[in-house]
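What follows is one structure encoded as structure tokens, with my remarks underneath.
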Amino acid sequence: MITGLQIRAARNALRWTTEKLAEKAGITARTIKRFEAVDEVPPSRSSTLLDVKAALEAAGIEFIGSPTDRPGIRFGSQPSASRKGKRR
């Protein structure tokens with residue numbers, strides 16, 4: 001599971017609005033705001049929280065730690081800009 005703190009951090013790292021995250025996850029912005037209002041795992045249906053997690057992961061966010069042990073985020077590995085245009 002992910003925490004409200006991780007959702008907030010991930011959304012802000014992507015510079016997404018609550019509305020954009022809600023659209024990507026297929027839920028309402030009100031639900032996102034409710035999730036982000038708590039630092040721990042938000043009370044919700046597991047499937048709804050998994051939809052939010054999947055939307056953020058699809059955008060390159062990786063969730064690290066656990067809800068009780070240093071929860072955080074980082075950007076997943078992506079090809080570096082210097083390697084994309086590199087010729088041989």
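What to note about this one:
- Dividing the mean sequence gap of close Cα pairs (under 8 Å, 6+ apart) by how many residues the chain holds gives a relative contact order of 33 percent.
- Overall form of segment 1-57 per C-alpha gyration tensor (a/c, 1.5; a/b vs b/c): rounded
- Extended-chain gain in nm, criterion 0.36 nm per residue less alpha-carbon gap, Ala54 and Arg30: 6.8 nm
- When the chain is described by a simple charge dipole with +1 on each Lys and Arg Cβ and -1 on each Asp and Glu Cβ, the residue from Thr68, Ile27, Ala37 located farthest towards its positive end is Ile27.
- Whole-angstrom gap from segment 6-46 to segment 51-71, using each part's C-alpha centre: 11
Bear in mind these aren't lab numbers, they're just calculated from the coordinates by the rules spelled out. Predicted model, so just to flag it, every value in this text is computed and none were measured. Positions of Cβ are generated from backbone atoms using ideal geometry, with glycine treated the same way; all protein chains shown enter the neighbour counts.
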